[in-house]
Amino acid sequence: PVPKHFNDPSSNDEKKVMSDLPTNDASRSRPGHRPTEDVENFWQELLYIVVMSVVLAFGIRALVAEARYIPSESMLPTLEVDDRLIIEKMSYRFREPKRGDIVVFKPTDGIKERQPDLKDALIKRIVAVPGDTVELVEGVVYINDQQMIENYTFEAEIPPTDQHYQWGPEVIPEDSYLVLGDNRLNSYDGVFWGLLPDDKIIGRAAVRIWPPGRLGSIDSEDPIFEFQP
(Lines give C-alpha, C1' and ligand atoms only; values in the text may rest on other atoms or scores of the structure.)
Protein backbone atom coordinates (compact mmCIF):
# COMPACT_ATOMS: atom_id res chain seq x y z
CA PRO A 1 0.00 0.00 0.00
CA VAL A 2 1.07 3.59 -0.69
CA PRO A 3 2.09 5.46 2.45
CA LYS A 4 -0.67 7.74 3.59
CA HIS A 5 1.35 10.90 3.91
CA PHE A 6 2.13 11.00 0.12
CA ASN A 7 -1.51 11.10 -0.96
CA ASP A 8 -3.35 12.60 1.99
CA PRO A 9 -2.95 16.42 2.16
CA SER A 10 -4.33 16.38 5.67
CA SER A 11 -1.40 14.28 6.83
CA ASN A 12 0.33 15.78 9.86
CA ASP A 13 3.70 14.87 8.34
CA GLU A 14 2.97 16.82 5.15
CA LYS A 15 1.75 19.80 7.15
CA LYS A 16 5.02 19.76 9.05
CA VAL A 17 7.08 19.58 5.84
CA MET A 18 5.13 22.47 4.24
CA SER A 19 5.48 24.60 7.34
CA ASP A 20 9.26 24.26 7.12
CA LEU A 21 9.42 25.50 3.52
CA PRO A 22 10.63 29.15 2.98
CA THR A 23 8.05 31.65 1.84
CA ASN A 24 8.34 34.83 -0.22
CA ASP A 25 5.45 36.44 1.59
CA ALA A 26 7.09 38.79 4.08
CA SER A 27 3.84 39.22 5.90
CA ARG A 28 3.83 35.52 6.91
CA SER A 29 7.25 35.79 8.53
CA ARG A 30 6.40 39.01 10.43
CA PRO A 31 3.33 38.58 12.60
CA GLY A 32 1.20 41.69 12.61
CA HIS A 33 2.91 43.19 9.52
CA ARG A 34 0.63 45.14 7.21
CA PRO A 35 1.40 45.31 3.46
CA THR A 36 0.58 49.04 3.51
CA GLU A 37 3.59 49.65 5.78
CA ASP A 38 5.97 49.05 2.86
CA VAL A 39 4.06 51.54 0.72
CA GLU A 40 4.09 54.12 3.51
CA ASN A 41 7.83 53.66 4.05
CA PHE A 42 8.45 54.03 0.32
CA TRP A 43 6.64 57.37 0.14
CA GLN A 44 8.35 58.60 3.31
CA GLU A 45 11.77 57.79 1.86
CA LEU A 46 10.87 59.35 -1.47
CA LEU A 47 9.69 62.52 0.26
CA TYR A 48 12.92 62.65 2.27
CA ILE A 49 15.02 62.32 -0.90
CA VAL A 50 13.04 65.05 -2.66
CA VAL A 51 13.29 67.43 0.30
CA MET A 52 17.03 66.85 0.70
CA SER A 53 17.57 67.35 -3.03
CA VAL A 54 15.72 70.66 -2.93
CA VAL A 55 17.65 71.79 0.15
CA LEU A 56 20.97 70.87 -1.45
CA ALA A 57 20.03 72.53 -4.73
CA PHE A 58 19.08 75.77 -3.00
CA GLY A 59 22.16 75.58 -0.81
CA ILE A 60 24.46 75.16 -3.79
CA ARG A 61 22.69 77.94 -5.66
CA ALA A 62 22.87 80.30 -2.69
CA LEU A 63 26.45 79.59 -1.62
CA VAL A 64 28.44 78.00 -4.45
CA ALA A 65 27.23 78.59 -8.00
CA GLU A 66 24.22 79.11 -10.22
CA ALA A 67 23.39 79.19 -13.92
CA ARG A 68 22.46 82.39 -15.76
CA TYR A 69 21.81 83.38 -19.34
CA ILE A 70 22.60 86.56 -21.27
CA PRO A 71 19.44 88.44 -22.34
CA SER A 72 20.96 91.44 -24.14
CA GLU A 73 23.84 92.65 -26.32
CA SER A 74 25.41 94.82 -23.62
CA MET A 75 28.40 92.48 -23.18
CA LEU A 76 29.28 91.90 -26.82
CA PRO A 77 31.65 90.64 -28.08
CA THR A 78 32.62 88.74 -24.92
CA LEU A 79 29.14 87.38 -24.21
CA GLU A 80 26.42 86.89 -26.79
CA VAL A 81 22.65 86.81 -26.40
CA ASP A 82 21.47 83.46 -24.96
CA ASP A 83 24.92 82.43 -23.76
CA ARG A 84 24.56 80.23 -20.66
CA LEU A 85 27.02 80.86 -17.84
CA ILE A 86 27.98 79.43 -14.48
CA ILE A 87 28.23 82.19 -11.88
CA GLU A 88 30.54 81.14 -9.07
CA LYS A 89 30.17 82.63 -5.60
CA MET A 90 33.09 81.22 -3.65
CA SER A 91 36.12 83.21 -4.82
CA TYR A 92 34.89 86.51 -3.38
CA ARG A 93 34.83 84.89 0.05
CA PHE A 94 38.64 84.75 -0.17
CA ARG A 95 39.54 87.78 -2.28
CA GLU A 96 38.15 91.13 -3.34
CA PRO A 97 36.62 91.62 -6.80
CA LYS A 98 39.28 92.83 -9.20
CA ARG A 99 39.47 94.93 -12.32
CA GLY A 100 38.43 92.91 -15.36
CA ASP A 101 36.07 90.55 -13.52
CA ILE A 102 32.64 90.07 -15.07
CA VAL A 103 30.12 90.17 -12.25
CA VAL A 104 26.41 89.48 -11.84
CA PHE A 105 24.65 91.76 -9.37
CA LYS A 106 21.28 92.77 -7.99
CA PRO A 107 19.83 96.15 -8.98
CA THR A 108 21.45 98.98 -7.03
CA ASP A 109 19.61 101.83 -5.36
CA GLY A 110 20.59 104.03 -8.29
CA ILE A 111 18.97 101.59 -10.71
CA LYS A 112 15.83 101.29 -8.60
CA GLU A 113 15.41 105.07 -8.54
CA ARG A 114 15.35 105.13 -12.33
CA GLN A 115 13.63 101.79 -12.95
CA PRO A 116 11.60 100.74 -9.89
CA ASP A 117 10.15 97.73 -11.71
CA LEU A 118 13.54 96.26 -12.63
CA LYS A 119 14.02 93.10 -10.55
CA ASP A 120 16.36 91.07 -12.75
CA ALA A 121 20.08 90.75 -12.08
CA LEU A 122 22.52 92.53 -14.37
CA ILE A 123 25.94 91.55 -15.70
CA LYS A 124 28.83 93.97 -16.34
CA ARG A 125 32.61 94.18 -16.13
CA ILE A 126 34.51 95.86 -13.31
CA VAL A 127 36.73 98.63 -14.68
CA ALA A 128 37.52 100.54 -11.47
CA VAL A 129 38.07 99.38 -7.90
CA PRO A 130 38.19 101.16 -4.52
CA GLY A 131 40.80 103.92 -4.43
CA ASP A 132 40.89 104.48 -8.21
CA THR A 133 40.39 107.96 -9.60
CA VAL A 134 38.27 107.42 -12.71
CA GLU A 135 37.28 109.62 -15.61
CA LEU A 136 35.55 108.74 -18.88
CA VAL A 137 36.12 111.08 -21.81
CA GLU A 138 34.31 110.29 -25.07
CA GLY A 139 34.05 106.68 -23.98
CA VAL A 140 37.75 106.30 -23.13
CA VAL A 141 38.48 105.23 -19.54
CA TYR A 142 41.21 106.94 -17.55
CA ILE A 143 42.35 105.36 -14.28
CA ASN A 144 44.59 107.52 -12.10
CA ASP A 145 45.34 109.74 -15.12
CA GLN A 146 46.36 106.77 -17.28
CA GLN A 147 44.38 105.71 -20.31
CA MET A 148 42.98 102.20 -19.98
CA ILE A 149 43.44 100.25 -23.23
CA GLU A 150 40.63 97.67 -23.21
CA ASN A 151 40.98 94.73 -25.60
CA TYR A 152 37.56 93.26 -24.84
CA THR A 153 35.19 96.08 -25.80
CA PHE A 154 32.97 96.05 -28.85
CA GLU A 155 34.64 99.31 -29.87
CA ALA A 156 38.22 98.09 -29.30
CA GLU A 157 39.30 98.86 -32.87
CA ILE A 158 37.24 102.06 -33.26
CA PRO A 159 37.12 103.98 -29.94
CA PRO A 160 33.69 105.43 -29.21
CA THR A 161 33.32 109.19 -29.65
CA ASP A 162 29.87 109.67 -28.14
CA GLN A 163 30.01 113.06 -26.43
CA HIS A 164 27.35 111.95 -23.94
CA TYR A 165 29.47 109.08 -22.63
CA GLN A 166 31.27 111.16 -20.01
CA TRP A 167 31.79 110.43 -16.31
CA GLY A 168 33.91 111.75 -13.46
CA PRO A 169 36.54 112.35 -12.45
CA GLU A 170 35.59 110.57 -9.26
CA VAL A 171 37.41 108.55 -6.60
CA ILE A 172 35.90 105.10 -6.09
CA PRO A 173 35.03 104.72 -2.38
CA GLU A 174 35.59 101.64 -0.26
CA ASP A 175 33.42 98.60 -1.05
CA SER A 176 32.25 100.10 -4.36
CA TYR A 177 33.06 99.48 -8.02
CA LEU A 178 32.49 101.08 -11.40
CA VAL A 179 31.08 98.51 -13.83
CA LEU A 180 30.56 98.98 -17.56
CA GLY A 181 29.31 96.84 -20.42
CA ASP A 182 31.77 95.59 -23.03
CA ASN A 183 29.40 96.90 -25.71
CA ARG A 184 30.13 100.32 -24.33
CA LEU A 185 27.65 102.34 -26.40
CA ASN A 186 24.79 99.88 -25.95
CA SER A 187 24.90 99.23 -22.22
CA TYR A 188 22.88 100.49 -19.27
CA ASP A 189 25.75 100.62 -16.81
CA GLY A 190 27.48 102.67 -14.12
CA VAL A 191 27.76 105.74 -16.33
CA PHE A 192 23.97 106.13 -15.99
CA TRP A 193 23.19 104.89 -12.47
CA GLY A 194 26.44 105.21 -10.52
CA LEU A 195 28.61 102.82 -8.55
CA LEU A 196 28.04 99.17 -7.66
CA PRO A 197 28.15 98.47 -3.90
CA ASP A 198 29.99 95.33 -2.88
CA ASP A 199 26.93 93.88 -1.12
CA LYS A 200 24.94 93.81 -4.36
CA ILE A 201 27.35 91.44 -6.10
CA ILE A 202 25.95 87.93 -6.57
CA GLY A 203 29.02 86.31 -8.09
CA ARG A 204 31.56 86.17 -10.88
CA ALA A 205 30.96 84.84 -14.39
CA ALA A 206 33.35 81.89 -14.59
CA VAL A 207 32.37 79.39 -17.29
CA ARG A 208 30.29 79.44 -20.46
CA ILE A 209 28.30 76.21 -20.74
CA TRP A 210 26.32 77.05 -23.88
CA PRO A 211 26.61 77.06 -26.87
CA PRO A 212 28.84 73.98 -27.19
CA GLY A 213 31.05 75.64 -29.78
CA ARG A 214 32.08 78.33 -27.28
CA LEU A 215 32.16 76.19 -24.15
CA GLY A 216 34.88 77.14 -21.70
CA SER A 217 36.26 79.59 -19.18
CA ILE A 218 35.33 83.26 -19.40
CA ASP A 219 38.77 84.28 -18.16
CA SER A 220 41.37 84.91 -20.83
CA GLU A 221 44.99 83.84 -20.54
CA ASP A 222 46.02 86.95 -22.49
CA PRO A 223 46.02 90.40 -20.87
CA ILE A 224 42.65 91.99 -21.52
CA PHE A 225 43.71 95.54 -20.67
CA GLU A 226 46.77 97.70 -20.21
CA PHE A 227 47.51 101.27 -19.20
CA GLN A 228 49.03 103.96 -21.36
CA PRO A 229 50.46 107.12 -19.76
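So, with a 1.4 angstrom probe, what is the percent of accessible area on the range 169-229 that is carbon and sulfur?
The C+S portion of the solvent-accessible surface of the range 169-229 is 53 percent.
If you take every residue apart from Gln228 with its C-beta less than 13 Å away from the C-beta of Gln228, what net charge results, scoring Lys and Arg +1 and Asp and Glu -1?
Counting the neighbours of Gln228, the net charge comes to -3.
What whole number of Å gives the distance from the Cα centroid of the range 186-229 to the Cα centroid of the range 114-135?
Value for the Cα centre distance between the two parts: 11 Å.
Tell me, what is the per residue accessible area of the range 75-229 in Å², probe radius 1.4 Å?
53
Tell me, in nm to one decimal, what length is gained between Asp145 and Glu226 on full extension, where the rule is 0.36 nm per residue of separation less the Cα-Cα distance?
27.8 nm is the gain from fully extending Asp145 to Glu226.
Which entries of Lys89/Lys119; Lys119/Lys200; Lys89/Lys124 show an alpha-carbon separation above 18 angstrom in the structure shown?
Beyond 18 Å between Cα atoms: Lys89/Lys119.
The values are calculated or read from the model by the stated rules, or taken from the named source; none is laboratory data. Since the structure is predicted, the reported quantities are computational estimates derived from the model, not experimental observations. Reconstructed Cβ throughout: ideal geometry from the backbone, glycine too, with neighbour counts over all protein chains shown. Heads up: the accessible areas ignore ligands, DNA and RNA and are worked out on the full protein's heavy atoms, side chains in. Shrake-Rupley method; radii C 1.70, N 1.55, O 1.52, S 1.80 Å.
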